[in-house]
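To start, the structure under review is shown below, and the notes come after it.
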Amino acid sequence: MTAFRQFLKYIGKFFVKKNVHGRISPMNSEFFFTYGPYLVVLSSLLISRRHFRHTLAMTGALWALLAQDSSPPLQIFWMGMAGIHALLLIYAAWLHIMPLQEDHRIIYHRFFKKFSRSNFKKLMEIGTIQNKAHGAPLTKQGEQMNFVMCMLDGSAGVIIDGDKIASLHNGDFIGEISFLSGNRSSATVRTEVLSTLVVWRQEDLKVLLRNNLSLLIEFNRTIERQIARRLTKSK
């Protein structure tokens, strides 16, 4: 324990500056290993990825246990924090490898691999898988959208003012721009073959994203990639 404290004191010297008299400033090595764990734990709150957040918080707690001669109540506090975050880290790892239903597993690996398994499962719980016949309208230009869809199998044409301007294929979202902007649909989308889609009600999706920051980030990144891909194809 003492050797570890001496090591931290040595490391702390690299993180402090000398004042004009050549003396170590008040933020010295003692400050470094005394308050460092608190800074590490607080900084973990700024990390969105669950397993990184819990790993950093647990590291801060273990640092405090090893580096400080704390009172018994404070030692219990740090031990409890380390134990809680260890359990949360195990839970986060489980969510990352959790099993999926057979049909959902295929969908996940083909179209939603950028999502964590737990977030994908939440998405599928509020969505429905639907088959649409050839020529079925998915959106109508100028009308308010109530759904967001993702093409799982098939294709659809994007039509503006009667002219087809693009086609949507497997993995493409439909109605995502209206969902994000709140505007009416800017185009009519109609299936070109028998198609299978996963469909979400906008209100259900809004509630889910509002209560799940990591899913919101993953969803927005997916939409951004799709928009960028469409812009690249249109050039």
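Read-outs throughout are calculated quantities, based only on the coordinates presented, and are distinct from any laboratory measurement. Nothing here was measured: the structure is a model prediction, and the numbers come from that model. Please note: Cβ atoms are built from the backbone with ideal geometry, for glycine as well, and neighbour counts cover all protein chains shown.
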Relative contact order for region 102-234, counting Cα pairs under 8 Å that sit 6 or more residues apart, in percent: 31 percent
Among the listed pairs LYS113/LYS140; LYS122/LYS206; LYS114/LYS206; LYS114/LYS164; LYS164/LYS206; LYS121/LYS206, those beyond 23 Å (Cα-Cα): LYS113/LYS140; LYS114/LYS164; LYS164/LYS206
Label-to-label distance, nm, for residues given as ASP103 and ASN131 (7 Å Cα→Cβ offset): 1.0 nm
Output ³J(HN,Hα) for region 213-218: one whole-Hz value per residue in order, computed from phi by the Karplus curve 6.51 cos²θ - 1.76 cosθ + 1.60 with θ = phi - 60°, and x for Gly and Pro. 4, 5, 5, 4, 5, 5
Taking the Cβ-Cβ separation of ARG201 and TYR38 as r and a Förster radius of 45 Å, what is the calculated FRET efficiency to the nearest 0.05? 0.55
Mind running the shape call on region 102-234? Use the C-alpha gyration tensor, a ≥ b ≥ c as the square roots of the eigenvalues: rounded below 1.5 for a/c, prolate if a/b tops b/c, oblate otherwise. prolate
Hey, rough spin-label estimate for ASN146 and ARG230, points 7 angstrom out along Cα→Cβ, what's it come to in nanometres? 2.3 nm
Residues whose modelled amide H sits under 5 Å from the amide H of LYS164, counting only those 5 or more places away in sequence or on another chain, are none
Taking θ = phi - 60°, what integer Hz values does the Karplus form 6.51 cos²θ - 1.76 cosθ + 1.60 yield along region 221-229, in sequence order, with x for Gly and Pro? 5, 5, 5, 4, 5, 5, 5, 4, 5
What is the order of ASP172, ASP163, ASP103, fewest Cβ neighbours within 10 Å to most? ASP163, ASP103, ASP172
Would you please give the residues with an amide H less than 5 Å from that of PHE147, counting only those at least 5 places away or on a separate chain, with H modeled from the backbone geometry? GLN202
